[in-house]
Amino acid sequence: MRATQTDIMRDPHVAADGFTYEAKNIRYWLNLGNNTSPQTGARLAHRDLTPNYTLRSLIMDCSTTQIININKFKCRLY
């Protein structure tokens with residue numbers, strides 16, 4: 001199962017599969033009892049999530065400096 005998100009991440013977290021997800025979305029996925037990657041379907045080695053501070057900073061920098069207009073820019077994550 002692949003989740004598609006079209007909004008800018010506000011709280012990006014890295015899961016055991018190495019992919020970054022919006023925290024509330026991956027927590028929801030895990031709370032449903034899933035123990036597999038939403039991206040690959042492979043079993044996750046653990047359920048720990050790590051904040052992706054680098055991506056969060058880049059998103060905040062871009063929106064602050066208006067390189068992108070965070071309200072208009074949309075990206076699709078697969």
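Flag not set for Thr40, criterion: under 16 Å from Leu58 (Cβ atoms) and of a type in the set (Ser, Thr, Tyr).
Answer yes or no as to whether Arg2 is in contact with a Pro (Cβ under 8 Å, 6 or more places away or on another chain), at pLDDT below 95 and open to solvent by 100 Å² or more (accessible area, probe 1.4 Å). Here the answer is yes, as Arg2 does meet what is asked. For the structure I just gave you, tell me whether Asp48 is modelled with pLDDT of 95 or more, open to solvent by 50 Å² or more (accessible area, probe 1.4 Å) and among the acidic types (Asp, Glu). Here the answer is yes, as Asp48 does meet what is asked.
Among the residues of segment 5-24, which ones are surrounded by 16 or more Cβ atoms within 10 Å (Cβ to Cβ) and in a helix (DSSP H, G or I)? Listed by number, the list holds a single entry, Ala23.
The values are calculated or read from the model by the stated rules, or taken from the named source; none is laboratory data. What you see is a predicted model, and the numbers here were worked out from it, not measured in a lab. Quick reminder, even Gly has a Cβ in these numbers, built from the backbone with ideal geometry, and neighbours come from all protein chains shown. Areas reflect the complete protein model, heavy atoms only, side chains present, ligands, DNA and RNA absent. Shrake-Rupley method; radii C 1.70, N 1.55, O 1.52, S 1.80 Å.
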